[in-house]
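First up is the structure itself, then whatever we jot down about it.
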Amino acid sequence: MLGKEVSATDDFVKGLWRENPVFVQVLGMCPALAVSNTAINALTMGLATTFVLIMSGMSVSALRNFIPREARIVSYICIIASFVTAVDYVIMAISLELHRSLGAFIALIVVNCLILGRAEAFASKNTVSRATLDALGMGAGFTVALLWIGVVREILGSNSLFGIALFPDAFQTWTVMVLPSGGFFAMAMWLLLVNWLKNRQTESQAQTQELTP
Amino acid sequence: MMLNIVPKDSFQNGVHPPEHKDETSHLAIRRFAFAPQLIVPLSQHLGKPAIAVVREGQEVVRGQTIGEPDGFMSVAMHAPASGVVKRIALAPSISGTMVPSVYLQPFPASSQEVDDGEPCDVATATPDEIITAIQQAGVVGLGGAAFPTHVKLKPPDGKQLDTLIINGVECEPYLTTDHRVMLEQSADIFMGVRYLLRVTGAAEVIIAIEANKRDAERKLTKACPPDLPLSIRVCPVKYPQGAEKLVIKSLLGREIPSGGLPADVNAICVNVATTAEIGRLLPKGRGIQERVITIGGPGIQRKGNYRIPIGTTVRFALKETGAADNVSRVFLGGPMMGPAVSNLDIPITKGTSGITVFTTAETIEATGHKTVYPCIHCARCVEACPLFLNPSYLGLLAKSEEYMQMAEEFHLMDCFECGACSYVCPSHIPLVQYFRLAKKMVRKLNVPA
Amino acid sequence: MSEASHWSIFINAALINNFVLAYFLGICPFFGVSAKLETAVRMGGAVSFVMLVASVCAYSINLLLEVINAPYLRIISYILVIASTVQLVEMLIRKLSPATFRAMGIYLPLITTNCAILGLALFQTNRGYGFTNAVVYALGAGAGFALALVLMAGVREKLDLANVPQLVKGTAAAFVVAGILSMSFMGFAGLGR
Amino acid sequence: MTGPVQQPPTSAWSMYRAIVGIGALCGLLIVTVYQTTAARIRENQERFLAMAVAQVLPAARSTLGVALTEDGRLEKTGEEFALPIFLGYDASGKLVGAVITAEGMGYQDKIRVLYAYSFDLDAIVGFKVLDSKETPGLGDRIEKEPHFLANFEKLDATLTPGGDSLLHPIVTVKQGQKINPWELDGITGATITSEAIGNILNNSATTWAPVLERNAQDFAIVELTEEP
Amino acid sequence: MSELKKYLEIGSSPHVTSGDSVEVIMRNVFIALLPVCIFAIYSFGAAAALVLATACVSCIATEHVLCKVTSQPSTIGDWSVAITGMLYGLTLPPDLPLWMVAVGGVFAVAVGKFLFGGLGSNAFNPALVGRAFLQAAFPQAMTHWALPLGDTRFVELPNSTLALPFAQPVYDAVTAATPLAAMKFDGIQAVNRDLLFGLTSGSAGETCAVLILVGGAYLVARNMMNWRIPISIFATVAAITWIFNLYAPGSYATPAFMLLSGGLMLGAVFMATDMVASPITNAGCWLYGFLIGSLVVVIRFWGGMPEGVMYAILLANAVSPHIDWFIRPRVFGVGGGTG
């Protein structure tokens, strides 16, 4: 009973840090960089991806006994593509501006390796509830990562956060941050930070292990 | 034959280290004293060690054969002095390994007459007889490689030799032995040439001399017997002009194929001191018991060119010539390729062309204690490498331990460790050291396969 | 309304709005296979080829979708048709030219569902390119992708032998290089007008 | 994708069943979402265009979508906003201008703009960038730089006497060097982009202005049936 | 001598070296740059001096701090970072706010050099990485040029120089166009003599062609620079420009103008020749120069920007590993020369 509890929490938590899809697994880079020039774009993208992740994870998991092994990839793609199409229209219905700034990248959620990867690696082998938790965790991790990149890029690049102006007008914006190269640099910076934190974590773990043999 | 344009009488690339030859080039060859103990390694050459034919406690006469060749890739050894064999045991060598050697105690009062053997007459002997005679005389390349000369003289089947090159280039700084031999032993050289011509069947002989030894050129030109098909060519001064591959390239414009032999371009190259030794020894049926070396460098008081018995220890040699108190580096040969000595009790062998001694000052000035910077890709090594390798990239690969890639894609095994790349490197990267290690690793990795 | 010239479309897709360096499309294979020059060249060739196939497919499907007036089927049909066409072509290549297949065949399955490919199909539709324009666009995008990949691979091979700090090694270094390349490609802006 | 593979554990039937089943589910999902959102999306689009029209042609109270026929005439499309061109009418139903979209190559990528053509003034009187990827801080100043937008208070687009082309082509000049009404006062530091705007407008106006003037009579008045 | 030293030093042969070291080379490059710096200060006054000083200090400090943070010995002693700083400063507009100079300097060394592994590992020229970053980050400030030889240049600083960190600079009224911008956008070609002696506006160190060439000649004479790279760049630019100028003199500049204007001289002589980021073989250097020259002409003639030297060099830096890969020295006894 206890073991199951822990593993359920773990299904969710691992996506946030230990197996963070962006910073650790470096998956789904394309949207992470392309639409993270503002925080709101990053958030929308993250939520849309999370939605597709959850829905497709649930569907795949629910249908896992119905789909024969040979037809699984094509089925997964169909399922994912349908949800993406749905999200695409929903966002268009919510705000045309938002849809315009995300461009074709909403449609490109289909080919985000994260989604197919989770469907294949996790959802197809686990129960609906675990698959949902996993998708939720991964999606949250993805969204948070995107948001981090987006926040940095928006603050420096546009002097605003979620579209709200931050500093006085005299603030010099760093145009590079909204350019593609800024995306690469912001990503590299976060990767370095995460690497460094992880290193420190393993080092301190190693130390405690040494101390308590 | 010549497919690409080469600077006149020289090769491309190379370096110009300070020569320091004036210090000893005017000093005539002198005989060296006999040390109280001589250590004669049974393996002073590439190939199989000789088989000792003396027992401990046996008395030997100077010039007597003490080791018989073990197969074709081996040469005989001779007693460098009349005396008694104290023991046959392991002795330290320059490479740091211990090698079986004959410890000989010369008789202090002996006249040191040399024991003559079966003479080999150049006019009547067949090529095969001469080859055997050379092997029995224990002749190896005296330039430093110590490759058995008789092996070299027998080209692989199907190869025709048309040119014999007598290599008197001697491009290493400080060394003047070949220079002095050319000045003082011209008759021996020409006699040696006769033997070599007979063995190889070459139609032409070229003596190669660097432009800093004009007096030797004049001397040889004057002394040259008119019946020899011989010419003397002077190459510009450049290191490493004396390397076999490059001297052939310089004189004939032929490039020995990668991994090939001089015979592949129908040439053969013999060191001038080796030639002189053949011409001196064979008519009397003697073997090599001594050789000419230059003892020089800033750490030596009585610099000079000495005819020294094989087996003299470095310590004795330095003592006799007055090494300074602050000796810091001693190396056998010149400063470019000569290996540094860590133990002064190693013997001088047939391949030792000189002893160069640096004091602390030179060591610090030239090599010591300098910061090693990362490679900055300045390409000086690329412009220095006479074999057109890419030492810069090889160095980076060596650092990443990509030894097989170095050998397979970048011709590591062609490197003959001339040191030109390390000499010019502004980052002070010990490239040659890396390559030596890499070559060793590649050989090791290749053996089981 | 002026029609952009083919040259302009090509330069735009290859250099100015390079798929990898400006749109971040195909980042996964970009980082995945750019460690060695040889694989990068092959991957570049394979991607260019698939882009061409995808472009033709997308053009045809779009015609069909417009006839039956079903824009909502675009995403799903693009991805399915492109994936299956590439698979068909792959089988064809394996039959016809085993050498070519060995050279780049193994990369084909990796890229069928790649964002650069689907991105190309969607962009050309959004821009309303006709057949020739679409083909030119695909060629440009492919060339640009291959160029970026090859440049990246060269630099990364060089970095293999450099003493890159442990923390940076790998993905972070690759991102920095990509960022600098992306900055350098800004020099091409304004070409192809 | 590769057709049914005959393997003991999976029968062809279950393959078909799965694929058809999933296809049906997906189809159902897509169509449902499309149906539910279609109206909303259309509304969004219209609101967006209406806002844009309010910016470029504030005088217009209602619009009428038109399309170019093959023989060079305009005809009603029955839609309110028909891209790339629709006509604007004031409160009294009088034709005040046309709103036109145009596009062309900018510095980075295509620029799409919306501009208004006034029949009374024979000039371009409104301008809005719909879509641009110009360099932020430089090229994107065409969207907000006051002196640049001031160009479009009245940018001359008079026709030649023959009525088939512009009398003076619209050209971009260096910032502060505008003399003639058909010149576009450029932006220092964004020369390429401001030149691109000049070209886009010139090309578009050369095409559309003659057509509009030729057909203005037919659409001069519209019955005010719909009030926005 | 009776007792020989017990302890002998052993080292690998060769036991002598040529005497040059990285440090010596770098110091000489620094010396070659000095006249250019002095002229920059003469021409643009105190602002240029501050820009150069800030550039050097920020670069050197970044390297020092990064070395300390990663607990390595500081490498500022090899002078390479000083050169990076100076070159970087020379490529900047003289009235750039100092805080931007510092930002770019930190970026140049941290990202352009340190992340790649420091000296000898930087795949791109760090100074240009820093400049490209500024160009992308602050395009307006980076395209704002002061007039040379202003009257008050030694007594007054431009407002922009001392702009508060992270604040937009406020510019004085006086602004100038670089010769290249004047050519590109207005078709006005500057006088060659002015270009030669640096009496134009532009980056701090790019204006005086003569001094740059003198510095380059000094380095070539001391064998510390591969002359093939600048010569190849000059030849390529001149040749292509000459052809186009012949064909349409009105629309294309003259070869002399192209060679002397903008950052071509500075870039070709001091940036492209960065040993670390350029090819290693001489043949490779010719090709590398040709590539830079062609890219410069393409970007200047048909691109969106008036100047393209920086991008051309960065792109060529990225290509140089490939050049090294394909153009290798023919190893002795392999192929061609075999007897």
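So here's what we get for this one:
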quantity: Cα-based helix-to-principal-axis angle, E:46-69 vs chain E, degrees rounded to 10; calculated: 40 degrees
quantity: Check: the protein assembly as shown dipole with +1 on Lys, Arg Cβ and -1 on Asp, Glu Cβ, in debye; calculated: 3420 debye
quantity: Antiparallel bridges, percent of DSSP beta bridges restricted to chain B (to nearest 5); calculated: 60 percent
quantity: Charge dipole magnitude, Cβ of K and R +1, D and E -1 - segment B:380-446, Cα centre, debye nearest 20; calculated: 280 debye
quantity: Cα gyration tensor shape of segment B:270-392, rounded if a/c is under 1.5, else prolate or oblate by comparing a/b with b/c; calculated: oblate
quantity: Accessible area, probe 1.4 Å, largest first, for residues B:M191, E:M100, E:M275; calculated: B:M191, E:M275, E:M100
quantity: For B:G297, net neighbour charge (Lys/Arg +1, Asp/Glu -1) across residues whose Cβ lies under 10 Å away; calculated: 0
quantity: Principal-axis tilt of helix E:98-109 within chain E, Cα atoms, nearest 10 degrees; calculated: 30 degrees
quantity: Residues in segment B:260-275 that, when all protein chains are in place, have 10 Å² or more less accessible area than the chain alone would give (probe 1.4 Å); calculated: B:V265
quantity: Label-point separation, B:T126 to A:S204 (7 Å along Cα→Cβ), nm; calculated: 8.8 nm
quantity: Given charges at beta-carbon only (K, R positive; D, E negative), |dipole| of segment E:21-176 in Debye; calculated: 280 debye
quantity: Between 0 and 90°, nearest 10: helix D:12-56 axis offset from chain D longest Cα axis; calculated: 20 degrees
quantity: Alpha-carbon Rg/Rh ratio, for segment E:21-176, with Rh computed the Kirkwood way; calculated: 0.99
quantity: DSSP-defined antiparallel bridges as percent of all bridges, the protein assembly as shown, nearest 5; calculated: 75 percent
quantity: Net length gained if the chain between B:V61 and B:A203 were fully extended (0.36 nm per residue, minus Cα distance); calculated: 47.2 nm
quantity: Positive minus negative residues near B:A79 (Lys, Arg vs Asp, Glu; Cβ under 15 Å); calculated: 0
quantity: Binned Cα-Cα distance frequencies in segment E:245-298 - 5 Å width, integer %; calculated: 4, 17, 24, 24, 14, 10, 6, 2
quantity: Average other protein chain Cβ within 10 Å of Cβ, residues E:140-150; calculated: 2
quantity: Scattering profile of segment B:1-106 at q = 0.16, 0.17, 0.19 Å⁻¹ [log10 I(q)/I(0), Debye over alpha-carbon scatterers]; calculated: -0.80, -0.84, -0.93
quantity: Inter-label distance, nm, simple model (7 Å from Cα along the C-beta direction), B:E408/B:V372; calculated: 2.6 nm
quantity: Zero-based 5 Å bins, Cα pair distances in segment E:194-303, whole percents; calculated: 2, 13, 22, 23, 21, 12, 5, 2, 0
quantity: Globularity index of segment E:52-143, i.e. its alpha-carbon radius of gyration over 2.2 N^0.38 Å; calculated: 0.99
quantity: Table column - 3J(HN,Hα) (Hz), segment D:198-204, Karplus curve with 6.51, -1.76, 1.60, x for Gly and Pro; calculated: x, 5, 4, 5, 4, 4, 5
quantity: Protection proxy ranking of B:143-154, C:132-143 - average other beta-carbon atoms within 10 Å, highest first; calculated: C:132-143, B:143-154
quantity: Three-way shape call for the protein assembly as shown based on the alpha-carbon gyration tensor, with the a/c threshold at 1.5; calculated: prolate
quantity: Per-pair calculated FRET efficiency, R0 = 30 Å: E:F185 and E:Y247 via Cβ, rounded to 0.05; calculated: 0.90
quantity: Relative compactness, chain D, computed as alpha-carbon Rg over 2.2 N^0.38 Å; calculated: 1.38
quantity: E:H64 accessible area, 1.4 Å probe, all protein chains in place, Å² to nearest 10; calculated: 70 Å²
quantity: Per-residue mean of C-beta atoms belonging to partner chains within 10 Å, peptide D:193-205; calculated: 1
quantity: For segment E:265-294 and segment B:290-364, distance of Cα centres in Å; calculated: 46 Å
quantity: Percentage relative contact order, segment E:21-176, counting C-alpha pairs under 8 Å, at least six apart; calculated: 26 percent
quantity: FRET efficiency, 1/(1 + (r/R0)^6) with R0 41 Å, evaluated for D:A50 and C:T132 via beta carbons; calculated: 0.65
quantity: Förster radius 30 Å - calculated FRET efficiency between E:A221 and E:N192, Cβ distance, rounded to 0.05; calculated: 0.70
quantity: Equivalent-ellipsoid semi-axes of chain E, from the Cα gyration tensor, Å, largest first; calculated: 36, 28, 17
quantity: Nitroxide proxy distance, nm - points 7 Å out along Cα→Cβ at B:D162 and C:Q87; calculated: 6.7 nm
quantity: With all protein chains modelled, accessible area of E:T143 [1.4 Å, Å²]; calculated: 70 Å²
quantity: Extension gain (nm, one decimal) between E:V214 and E:V298, 0.36 nm per residue minus Cα-Cα; calculated: 27.5 nm
quantity: Cβ-based charge dipole, segment E:21-176, positive-most Cα from E:L50, E:S74, E:A61; calculated: E:S74
quantity: Probe 1.4 Å, all protein chains present, accessible-area order of C:E38, D:E43, largest first; calculated: C:E38, D:E43
quantity: Sorted peptide list for B:210-218, B:93-101, criterion being average Cβ within 10 angstrom, highest first; calculated: B:210-218, B:93-101
quantity: Loss of accessible area when E meets B, both sides summed, Å² nearest 100, probe 1.4 Å; calculated: 5100 Å²
quantity: For segment A:2-203: relative contact order, % (alpha-carbon pairs under 8 angstrom, 6 or more apart); calculated: 36 percent
quantity: Mean shadow area of chain B, taken as a quarter of the surface of its Cα convex hull (nm²); calculated: 21.5 nm²
quantity: Chain A: DSSP helices with Cα axial extent of at least 24 Å and average Kyte-Doolittle hydropathy no lower than -1.0; calculated: A:39-62, A:72-94, A:128-158, A:180-211
quantity: For chain C, Kirkwood radius (reciprocal of mean inverse C-alpha pair distance, Å); calculated: 17.4 Å
quantity: By average C-beta atoms within 10 angstrom, highest first, the peptides A:157-163, C:43-49, B:273-279; calculated: B:273-279, C:43-49, A:157-163
quantity: Inter-chain Cβ neighbour average for residues D:18-29, partner chain, 10 Å; calculated: 6
quantity: Per-residue [θ]222 nm for chain B (sum of -39500 (n - 2.57) over DSSP H runs n ≥ 4, rounded to 500); calculated: -7500 deg cm²/dmol
quantity: Net charge over other residues, Cβ less than 11 angstrom from the Cβ of D:S14 (K, R count +1; D, E count -1); calculated: +1
quantity: Segment A:2-203: C-alpha gyration tensor shape, a/c 1.5 cut-off, then a/b vs b/c; calculated: oblate
quantity: Proximal lysines relative to C:K169, as straight alpha-carbon distance under 28 Å, when same-chain residues fewer than 8 apart are discounted; calculated: A:K14, A:K198, B:K399, C:K36, C:K158, E:K68, E:K113
quantity: Per-residue ³J(HN,Hα) for segment E:267-280, Karplus 6.51 cos²θ - 1.76 cosθ + 1.60, θ = phi - 60°, Hz, x for Gly and Pro; calculated: x, 5, 7, 10, 9, 5, 7, 3, 4, 5, 9, 10, x, 9
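The values are calculated or read from the model by the stated rules, or taken from the named source; none is laboratory data. These numbers were taken from a predicted model, which means no experiment stands behind them. Backbone-built Cβ (ideal geometry, glycine too); neighbour counts: all protein chains shown. Surface accessibility is based on the protein's heavy atoms, side chains included, excluding ligands, DNA and RNA. Shrake-Rupley method; radii C 1.70, N 1.55, O 1.52, S 1.80 Å.
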